[in-house]
Amino acid sequence: MEIDEFSNIFFQMEMKEGFFNNRTPNRDPFWDVVRFDIFFSLFEEINEPGQSGNSFARRLLFSWPTKIHKIPLKITSMANQWVRLKQIRPSDFVAYVCSRYSDTMGNSIDFASDDAFHALSEMGPIQRIESQHNLPRDLNINLLIRIGAHIYRLPTDYHHYFCGIAKVIANAEERYFGVTDPQLFSVICRTYKSHLIERRIWGEIFDHVRPRIVLMTQNGIQKGLIFEARRRAVPVIECQHGVINLMHPAYSYPSNLQPGETVILPDVLLLFSEYWKRQCHMPGTKMVVTGNNHFFSHGAHSSRNGAAVFVSAISFHKYLSPLAVKVAQLLPDRTFIMKLHPQQLSDRARIEREYNGIPNLVVVGMEKSCPELFTDASDVIIIQSTASYEALDRGIPVHILREDGYVSHQDLFAHPGVRVFSTAEELKTSLFKPVIRSERIYRFFDAFNPDVFHKLIQGLDHLLRDSERSQTELSYKPAHAPY
């Protein structure tokens with residue numbers, strides 16, 4: 001089943017079954033916390049029955065010696081993080097970032113939030129929180145969540161509730177899809193437990209920092225952050241970090257779902273350009289176009305004198321790697337690049353060994369970003385990637401392989417610079433060809449507009465002050481939380 005068909009049925013199911021109205025024993029929203037993980041777990045079960053559980057078991061089997069070796073380092077790192085958590089001080093803003101790249105000075109950088117972060121720093125001090133697992137220098141939320149996971153146990157009433165609600169959801173899956181997800185109960189328990197730990201940690205951070213506004217980049221699904229910020233009436237601004245579309249459950253909800261307490265979404269989503277407003281539906285979230293300088297091409301087109309670039313990711317490598325090998329062998333006089341995703345860096349040596357004996361196919365990791373590669377790239381080959389939009393803004397033809405979730409790019413299928421293909425032979429015949437420039441009335445990426453951003457922050461500050469004045473008789477009392 002393709003993801004667009006699956007999404008439509010899933011949205012029908014969650015609305016007709018009233019899942020958004022489900023509440024935990026503590027009367028907190030339940031469905032919006034777990035729906036993302038349930039969505040993809042069920043989708044995988046429909047398309048590859050039984051594979052998700054087996055692959056998880058294999059990862060555990062082969063990774064335990066490495067994990068044991070790293071235990072002392074992890075204990076030290078977690079202890080340092082806990083001390084840092086207790087030492088943070090009040091700041092005007094909190095910035096939750098995902099630093100996948102480095103700048104020319106070697107400093108970690110988050111392409112999604114970098115422009116907004118620097119503009120925000122002009123308006124007051126910022127407490128920076130990192131999410132990348134390999135960056136413990138800053139206060140790192142994922143390392144803190146790992147600490148909590150070792151000591152937190154779900155209350156008994158939650159376990160009973162999850163048993164009951166899992167049966168209800170499983171019955172609905174059977175009626176709407178003809179299958180049930182055998183991993184459903186464990187997905188619910190794991191996801192909601194992580195959510196409660198995340199809430200506890202963000203509650204600690206917010207009570208120490210007492211921020212006016214939170215700026216964030218999603219790395220995972222940060223419902224716990226948004227939930228705790230909402231409890232404290234702190235506005236949350238999310239930076240678009242990549243592709244968003246109407247088949248992505250973090251950015252797409254049923255069209256007839258109304259804003260309310262059952263939906264845990266940011267107050268504002270900063271977009272790359274006007275184009276993306278049509279690519280998502282988030283009830284109650286204000287869409288503001290601010291642009292992004294790291295993705296913006298300044299109107300420059302690629303020279304197209306360089307290599308054809310395969311843009312990889314962990315889940316797509318099994319399709320793109322053999323394709324790249326075959327096409328490189330079919331076109332030995334042409335140059336090809338396999339551009340790795342940040343999460344593939346640990347596999348780089350193994351991937352390079354795959355290409356031994358193929359001199360015209362090379363691997364590029366984080367030493368070059370996609371914008372740098374695209375200054376002279378001839379073609380870009382993807383399954384699903386933000387890089388497709390970057391390439392099109394630079395006049396580079398994009399070739400989309402019919403595999404996995406490729407239909408999530410169906411908004412591009414009619415674009416004159418896009419080819420959808422199935423085989424290496426098809427790809428070979430369409431690479432390195434001249435393209436006809438087309439005049440478009442939209443761009444996928446605009447330059448960052450600091451004036452729009454500053455105006456947004458000032459408006460949120462005014463709303464917050466007005467709200468505080470209207471509630472001078474009330475004091476903040478945290479609701480009872482089950483931890």
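A few comments on the model shown:
- Selected residue (criterion: surrounded by the most Cβ atoms within 10 Å (Cβ to Cβ)) from residues of the range 1-27 that are modelled with pLDDT under 95 and of a type in the set (A, V, I, L, M): Ile3
- Options Leu271, Leu246: the member that is assigned by TED's automatic domain parsing to the domain that holds His208 and over 25 Å from Met366 (Cα atoms): Leu246
- Number of residues in the range 125-181 that are over 17 Å from Ile38 (Cβ atoms) and either touching a His at 6+ places or on another chain (Cβ under 6 Å) or in a helix (DSSP H, G or I) (or both) equals 15.
- In the range 247-265, the residues that are under 21 Å from Glu228 (Cα atoms) reach residues that are at pLDDT below 90 and not small (Gly, Ala, Ser) with C-beta atoms within less than 8 angstrom, at least six apart or across chains, in these pairs: Ala250/Gln218; Ala250/Ile221; Tyr251/Asn245.
- Within the range 286-303, being crowded, with 20+ Cβ neighbours inside 10 Å and modelled with pLDDT of 95 or more holds for Thr290, Gly291, Asn292.
Listed here are the residues, each with its yes/no results for (1) outside the structural domain of Arg278 (by TED's automatic domain parsing); (2) buried (at least 18 other Cβ atoms within 10 Å of the Cβ); (3) among the hydroxyl-bearing types (Ser, Thr, Tyr).
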site	(1), (2), (3)
Gln343	yes, no, no
Ser346	yes, no, yes
Gly357	yes, no, no
Ser378	yes, yes, yes
Ala387	yes, yes, no
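Conditions (1) in contact with a strand residue (DSSP E or B) (Cβ under 7 Å, 6 or more places away or on another chain); (2) at pLDDT 95 or above, marked per residue:
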{"residue": "Gln344", "(1), (2)": "no, no"}
{"residue": "Arg348", "(1), (2)": "yes, no"}
{"residue": "Arg353", "(1), (2)": "no, no"}
{"residue": "Gly357", "(1), (2)": "no, no"}
{"residue": "Leu361", "(1), (2)": "yes, yes"}
{"residue": "Lys368", "(1), (2)": "no, no"}
{"residue": "Glu372", "(1), (2)": "no, no"}
{"residue": "Ala377", "(1), (2)": "yes, yes"}
{"residue": "Ser385", "(1), (2)": "yes, no"}
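- Of residues in the range 66-101 being at pLDDT below 65 and among the charged types (D, E, K, R), the one nearest to Asp207 (Cα to Cα): Lys74
Yes/no matrix, rows are residues, columns are (1) in contact with a strand residue (DSSP E or B) (Cβ under 9 Å, 6 or more places away or on another chain); (2) crowded, with 22+ Cβ neighbours inside 10 Å:
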| position | (1), (2) |
| --- | --- |
| Ile188 | no, yes |
| Arg200 | no, no |
| Pro211 | yes, yes |
| Gly224 | no, yes |
| Val243 | no, no |
| Pro249 | no, no |
| Tyr253 | yes, yes |
| Glu261 | yes, no |
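- Residue ID - nearest to the chain's Cα centre (by Cα), chosen from residues in the range 311-337 that are buried (at least 18 other Cβ atoms within 10 Å of the Cβ) and closer than 26 Å to Gly220 by Cβ: Ala313
- Failed item in (1) modelled with pLDDT under 95; (2) surrounded by fewer than 16 Cβ atoms within 10 Å (Cβ to Cβ); (3) part of a helix (DSSP H, G or I), with Phe43 passing the rest: (2)
- Identity of the residue in the range 102-135, surrounded by fewer than 20 Cβ atoms within 10 Å (Cβ to Cβ), within 20 Å of Asn219 (Cα to Cα) and among the small types (Gly, Ala, Ser), that ends up modelled with the highest pLDDT: Ser108
The values are calculated or read from the model by the stated rules, or taken from the named source; none is laboratory data. Everything numeric in this text was worked out from a predicted model, so none of it was measured. Note that each Cβ is placed from the backbone with ideal geometry, even for glycine, and that neighbours are counted across all protein chains shown.
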